[in-house]
Amino acid sequence: MEWTSATGRKLTLREGDITGVPADAIVNAANSALAGGGGVDGAIHRSGGSEIMRELDQIRSRQGHCPTGSAVVTGAGKLPAKFVFHAVGPVYRDGRHGEPELLASCYRKCLDLAEEYGVRTITFPAISTGVYGYPVQEAAEIALREVADHLGKPGGTVREAVFVLFGRPAYTSFASVLALWSEPASP
């Protein structure tokens with residue numbers, strides 16, 4: 001499924017494994033310790049190789065951790081990309097403890113990094129929707145809004161953002177939000 005902004009930039013949804021989708025930058029759903037983990041994080045480290053963790057070790061030695069709502073950048077190792085943006089999403093409690101803003105901040109920070117590094121294509125997972133427990137439908141609304149807002153602004157280097165969603169339920173949730181953007185408004 002695809003959406004095109006007024007500026008001609010594309011937002012695409014795909015179901016599958018993010019580690020196999022070529023892009024200038026791949027976003028990783030990381031933990032604040034930048035220590036690797038399961039889910040998307042584990043898949044990225046397995047596919048990308050040990051070089052990514054070595055770079056994260058250097059980042060940890062300089063700054064300790066990565067705050068929730070932020071991201072750090074490494075090379076992509078063996079992944080079909082130039083960079084990995086390791087974004088730390090919030091653990092979902094009840095949606096009333098700053099989770100929506102922190103999740104939105106993850107996406108904004110990755111898009112800022114994309115502009116800083118001259119990225120034209122970027123892939124995103126559904127940040128925080130796995131073990132961090134963020135409801136997928138709510139996360140989709142935030143993620144798609146932030147990325148579409150960025151793509152709708154004039155200027156910038158990002159030409160295409162692809163959400164690579166693991167499993168049919170995540171894809172369906174994101175697609176239902178995106179479909180609302182192309183439906184005519186009710187009278």
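Return yes or no: is TYR92 of a type in the set (Ser, Thr, Tyr), under 16 Å from the mean Cα position of the chain (by Cα), surrounded by fewer than 20 Cβ atoms within 10 Å (Cβ to Cβ) and assigned to a loop (DSSP other than H, G, I, E, B)? So TYR92 does not fit the description; no. Residues that are among the charged types (D, E, K, R) and touching a strand residue (DSSP E or B) at 6+ places or on another chain (Cβ under 8 Å) within region 19-57 comprise ASP24, ASP41, GLU51, GLU55, listed in sequence order. Within region 110-155, restricting attention to residues that are in a helix (DSSP H, G or I) and of a type in the set (Val, Ile, Thr), the residue that is farthest from the chain's Cα centre (by Cα) is VAL136. Report yes if ILE52 is out of contact with any Gly (no Cβ under 8 Å at 6 or more places or on another chain) and at pLDDT 95 or above, otherwise no. The answer is no for ILE52. Screening LYS78 with (1) part of a loop (DSSP other than H, G, I, E, B); (2) of a type in the set (D, E, K, R); (3) without any contact (Cβ under 8 Å) to a residue 24 or more places away in the chain gives one miss only, at (3). In this structure, LEU34 does satisfy being closer than 21 Å to GLY69 by Cα and either crowded, with 17+ Cβ neighbours inside 10 Å or more than 13 Å from the chain's Cα centre (by Cα) (or both). Of all residues in region 19-46, those satisfying the criterion of being of a type outside the set (Val, Ile, Thr), more than 11 Å from VAL84 (Cα to Cα), modelled with pLDDT of 95 or more and assigned to a loop (DSSP other than H, G, I, E, B) are PRO22, ASN31, SER32, ALA33, LEU34. Within region 4-19, residues that are within 10 Å of LYS153 (Cα to Cα) and charged (D, E, K, R) reach partners that are in a strand (DSSP E or B) and at pLDDT 95 or above with beta carbons closer than 9 Å, at six or more positions or on different chains, in the pairs ARG9/GLU160; ARG9/ALA161. Within region 108-144, the set of residues being hydroxyl-bearing (Ser, Thr, Tyr), in contact with a Ser or Thr (Cβ under 9 Å, 6 or more places away or on another chain) and crowded, with 21+ Cβ neighbours inside 10 Å comprises THR129, TYR134. Residues of region 53-74 include none that is out of contact with any Ser or Thr (no Cβ under 9 Å at 6 or more places or on another chain), touching a residue at least 24 places away in the same chain (Cβ under 8 Å), buried (at least 18 other Cβ atoms within 10 Å of the Cβ) and part of a loop (DSSP other than H, G, I, E, B).
The values are calculated or read from the model by the stated rules, or taken from the named source; none is laboratory data. None of the values given here were measured: they were computed from a predicted structure. Don't worry about glycine lacking a Cβ; one is built from the backbone with ideal geometry, like all the others, and counts go over all protein chains shown.
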